[in-house]
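The values are calculated or read from the model by the stated rules, or taken from the named source; none is laboratory data. It should be emphasised that the depicted structure is a prediction, and the values quoted were computed from it without experimental measurement. Don't worry about glycine lacking a Cβ; one is built from the backbone with ideal geometry, like all the others, and counts go over all protein chains shown.
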């Protein structure tokens, strides 16, 4: 996996993912050597901003300082991360983090050091089958907000084929169907999720909460969820799951090889070696039993009159009238056809208009109606020079 977060408790890693690799020090690095089964480790001393090359491939430059040999002649080295690995690392790196990098390539820089020798730097990407390990005392989600970890508590997880009415259980499952949170007829938000596990038994869950962010953070079918303190009830002879006191959820990307990074609004949660194994096992099972979402497309592939799912970044928003709300978004690609624009001169617009202008025709306008307006208002707009933004996931709801 390109990116792994390793939880530390009292300075002790809870998962030993590097035991089969050989650690080397910085002074032993040489170009044209095989480092596929070796790794270096150090503290982040430099984290540059994420940039994009001429081929629009993401690039992240970091500086790594060796902790064990701090007085050595060579105790720092620059590393260039590329592609999806660069994007993932940019979301979780913090200055001073201890990280390890495996499966890299060593190259000589064009410049020379004071002694006349060529400086070295590393390249890492999925193309090289590189992996970056981050030691964290907290787990950071894709919004880059820190979430504290509590001491590990042993939880028992119930297979879905063993559920009975009246039980309060902890379960793992793969999302088979979901309806994102929407405002119900009352004051609460509602979300519907159907999950399945290796027993091939499905469970539909209905969640209500006055806080939109307290509901499971699900992006697509195939995501893996963990529900704690889920209450089981029987309604019209069908077993259902609903929230109970203390209900909590985690969501993980279900794709094989993707980083195991929990998505949650909870500030405290457990995630142990056993949880890591549960997620991996469900990923493997789902890869042959769950059909991937086929309606997710990029703007460059959109066709007229097409219904599709879209993952995009929110650049600006504004209330158009009492019944509709404007979202100005982009996904890094350009639509093949002209898109309709909302006139914003008379609107109270939140967003960086200069940045939007620089993107020119890469942005599109989306109007949101009905019960989706409240959700649209809660989204965070990207602020220029900062990592504060919402990545929006727009779905077809049948």
>> Can you tell me which residue is nearest to residue 131 (Cα to Cα) among those in region 1-13 that are modelled with pLDDT under 75 and assigned to a loop (DSSP other than H, G, I, E, B)?
In response: 1
> What strands (runs of 3 or more DSSP E) lie completely within region 168-268 and have 3 or more residues being in contact with a helix residue (DSSP H, G or I) (Cβ under 8 Å, 6 or more places away or on another chain) and closer than 29 Å to residue 91 by Cα?
Replying inline: 168-183
>> Being part of a loop (DSSP other than H, G, I, E, B) and buried (at least 17 other Cβ atoms within 10 Å of the Cβ) is the filter here; which residues of region 25-49 pass it?
In response: 29, 35
> Going through region 84-105 one residue at a time, which ones are within 16 Å of residue 18 (Cβ to Cβ) and touching a helix residue (DSSP H, G or I) at 6+ places or on another chain (Cβ under 8 Å)?
Replying inline: 103, 104
> Applying the selection to region 342-365, what residues are farther than 11 Å from residue 313 by Cβ and assigned to a loop (DSSP other than H, G, I, E, B)?
Replying inline: 342, 343, 344, 345, 346, 347, 348, 352
> How many of the residues in region 189-211 are surrounded by 15 or more Cβ atoms within 10 Å (Cβ to Cβ) and more than 26 Å from the chain's Cα centre (by Cα)?
Replying inline: 1
> Which residue out of 357, 372 is in the same structural domain as residue 304 (by TED's automatic domain parsing) and in contact (Cβ under 8 Å) with a residue 60 or more places away in the chain?
Replying inline: 372
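Of all the residues that make up region 14-24, how many are at pLDDT 90 or above and either over 21 Å from residue 136 (Cα atoms) or surrounded by 17 or more Cβ atoms within 10 Å (Cβ to Cβ) (or both)?
3
Provide a single number: the residues in region 303-320 that are modelled with pLDDT under 85 and within 20 Å of residue 332 (Cα to Cα).
Counting residues in region 303-320 that are modelled with pLDDT under 85 and within 20 Å of residue 332 (Cα to Cα) gives 8.
Table: residues versus (1) modelled with pLDDT of 80 or more; (2) in contact with a strand residue (DSSP E or B) (Cβ under 9 Å, 6 or more places away or on another chain); (3) within 23 Å of residue 253 (Cβ to Cβ); (4) outside any strand (DSSP E or B).
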| site | (1), (2), (3), (4) |
| --- | --- |
| 279 | yes, yes, yes, yes |
| 282 | yes, yes, yes, yes |
| 340 | yes, yes, no, yes |
| 367 | yes, yes, no, no |
> What are the residues in region 120-158 that are at pLDDT 85 or above and assigned to a loop (DSSP other than H, G, I, E, B), if any?
Replying inline: 125, 129, 130, 155, 156, 157, 158
